[in-house]
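Nothing in this text is a laboratory measurement; each read-out follows from the coordinates by a stated rule. Since the model is a prediction, treat every value here as computed from it, not as a measurement. Cβ placement follows ideal geometry from the backbone for every residue including glycine, while neighbour counts extend to all protein chains displayed.
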């Protein structure tokens with residue numbers, strides 16, 4: 001994978017965290033540098049960790065499924081991207097009631113925004129990509145976009161949250177199509 005592809009993948013995966021950060025930034029308890037850094041660090045760390053875990057699981061399966069691994073990678077990315085697009089168009093609003101920068105709420109949001117990265121890590125194992133470089137880029141991009149989302153959320157509320165999920169989902173589907181096309 002080229003750096004541009006990895007960057008697009010990272011931006012696509014970071015859109016959930018960005019959207020949640022926009023909402024969390026509007027929360028009264030996430031006002032100041034410390035809670036913003038705590039939240040963006042956790043989002044970035046979990047986005048780094050989940051692809052590594054998915055890749056580790058995927059490498060154990062790679063030999064058994066090498067004949068259709070590109071279809072599986074496409075399917076996983078399309079599923080995750082489709083789910084993000086669906087969530088972006090759904091009417092349900094995310095409401096953050098507890099301080100999102102502390103405790104179980106922080107842990108829950110970190111896992112929820114990075115679960116897609118687990119599937120992506122597995123997809124990368126199927127196409128035999130070294131996971132370390134993409135994982136670091138994914139983590140750094142997510143932390144950065146989360147911090148930006150928190151700042152924007154402080155200023156503009158939830159104005160762009162849903163639209164960004166749609167863009168992130170579309171990026172994942174395009175990357176899946178590229179993987180599929182390169183193996184056919």
> Angle between the Cα long axis of helix 132-156 and the longest principal axis of the chain, 0 to 90 degrees, nearest 10?
Replying inline: 30
> Principal axis lengths of the range 1-90 from Cα atoms, whole Å, largest first?
Replying inline: 51, 28, 23
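Report relative contact order for the range 3-183 in percent, whole number only (criteria: Cα-Cα under 8 Å, sequence separation at least 6).
This gives 51 percent for the range 3-183.
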> Rounded to the nearest 500, what is the chain's calculated 222 nm mean residue ellipticity when only DSSP H runs of at least 4 contribute -39500 (n - 2.57) each, over all residues?
Replying inline: -28000 deg cm²/dmol
> With each pseudo-label sitting 7 Å past Cα toward Cβ, what's the residue 112-residue 57 distance in nm, one decimal?
Replying inline: 2.0
> Across every pair of different alpha-carbon atoms, what Kirkwood hydrodynamic radius in Å does the range 3-183 reach?
Replying inline: 16.1
